[in-house]
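These notes concern the structure reproduced below.
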Amino acid sequence: LGPTVTVGEILAEIVATTRGDGFRAAQPLVGPYPSGAPAIFIAQCGRIGGAAAMVGAVGDDDFGRLNLDRLAADGVDVSAVAIDPEHPTGSAFVRYRADGGRDFVYNIARSAAARLSWTGAVAALMSGAGHLHVMGSALSMPSAAAVIARAAEAVRARGGTLSVDPNIRKELRLDAETEARFAALVDRCDLLLPSGDELERAAGVDGEAEAIARLFARGVAEIALKRGADGASVFLPDGTRHDAPAFVVDEIDPTGAGDCFGGAYVACRRLGMDPDRALTYAAAAGARNVTVRGPMEGAGSRAELDTFIAGTPRR
Ligand code: ATP
């Protein structure tokens, strides 16, 4: 039916190499790495195969070129990524805390990413799109939220499908309007990919089973639940459940695991794989990505994931 498309932030990411609290002291940092949750998602999609495309904006600078080069190399159509000569590419700084948590400093509000518009290139892309994937993080930018709403209409009008990853970040805006936009998309989505307490939050009820039942009652057709180092599960409305035990890996940098998981799951489902097989690839994509520093440096092609699956023990 046409490519998988996502809309939202394309960022350059700088990562601290030591654990600690915050960025108030000098410390060793590495990067820039291509990043932004939607960009990571679509890069992993492109690497799996099947058509993939991105709607976003970068500045006319090296951070932008770094991202455009990477997306193109991963097979992603970047014809609807605008180059904004007036605003820089957005950026994100990540530091891991000793307790396993992490802090982000985002530089998005004044960047090109926060100034998306519905251009002729976006309209042309969406007139042929088969699937739209929405990252909750993108909804916190009003301009991206408006493009996403229109893109969702366009893909639905063609009989295409919709997936949503809540991707809630405490550092990004989560006002009442963003929550309302998010809830409206959840009600219309075919596939929801929450992690941790995002499941209950999206459903508005406590308890995993209750949340899943509520979401199916609201019309969601498939739920892929991410559990970090504990693996992942897929739930279907007929009561079927598939569990993917986690691959045992050395975690170097957890950022991007969920986005790679989602990119692989959506790409595999759209290639016609059943939920169980797609889940294996998705869990492998998430696990492989955490073994490498940089949010999308570990995204794997189908052949690389096959090698990873064959050679990595599972819990
Ligand atoms: P992020 O927001 O950092 O992108 P997330 O919270 O959305 O991540 P996770 O649950 O961390 O998503 O990771 C997605 C999937 O990747 C997990 O369900 C699991 O299958 C795999 N994964 C992630 N971390 C690990 C790990 N340390 N070991 C093995 N598998 C992992």
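The values are calculated or read from the model by the stated rules, or taken from the named source; none is laboratory data. All figures in this text were calculated on a predicted structure; none of them were measured in a lab. Please note: Cβ atoms are built from the backbone with ideal geometry, for glycine as well, and neighbour counts cover all protein chains shown. These accessible areas exclude ligands, DNA and RNA; they are computed on the full protein's heavy atoms, side chains included. Shrake-Rupley method; radii C 1.70, N 1.55, O 1.52, S 1.80 Å.
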#### Entry: Pick from region 66-117, criterion out of contact with any strand residue (DSSP E or B) (no Cβ under 9 Å at 6 or more places or on another chain) and in a loop (DSSP other than H, G, I, E, B), ranking: most open to solvent (accessible area, probe 1.4 Å)
99
### Every residue from region 271-287 that is out of contact with any strand residue (DSSP E or B) (no Cβ under 8 Å at 6 or more places or on another chain) and near the ligand (Cβ under 9 Å from one of its atoms)
285
### Message
Please go through region 219-235 and give me each residue that is free of Cβ contacts under 8 Å to residues at least 40 places away in the same chain and away from the ligand (no atom under 14 Å from the Cβ), ordered by number.
### Response
219, 220, 221
### Summary
Conditions (1) within 14 Å of the ligand (Cβ to nearest atom); (2) charged (D, E, K, R); (3) touching an Asp or Glu at 6+ places or on another chain (Cβ under 9 Å); (4) not in a loop (DSSP other than H, G, I, E, B) -> residue 297 fails only (4)
### Summary
Selection from region 163-218 of residues within 16 Å of the ligand (Cβ to nearest atom), out of contact with any strand residue (DSSP E or B) (no Cβ under 8 Å at 6 or more places or on another chain) and among the basic types (Lys, Arg) yields 170, 201
### Task
Among the numbered conditions (1) within 15 Å of the ligand (Cβ to nearest atom); (2) touching a strand residue (DSSP E or B) at 6+ places or on another chain (Cβ under 7 Å); (3) in a helix (DSSP H, G or I), tell me where residue 40 comes up short.
(2)
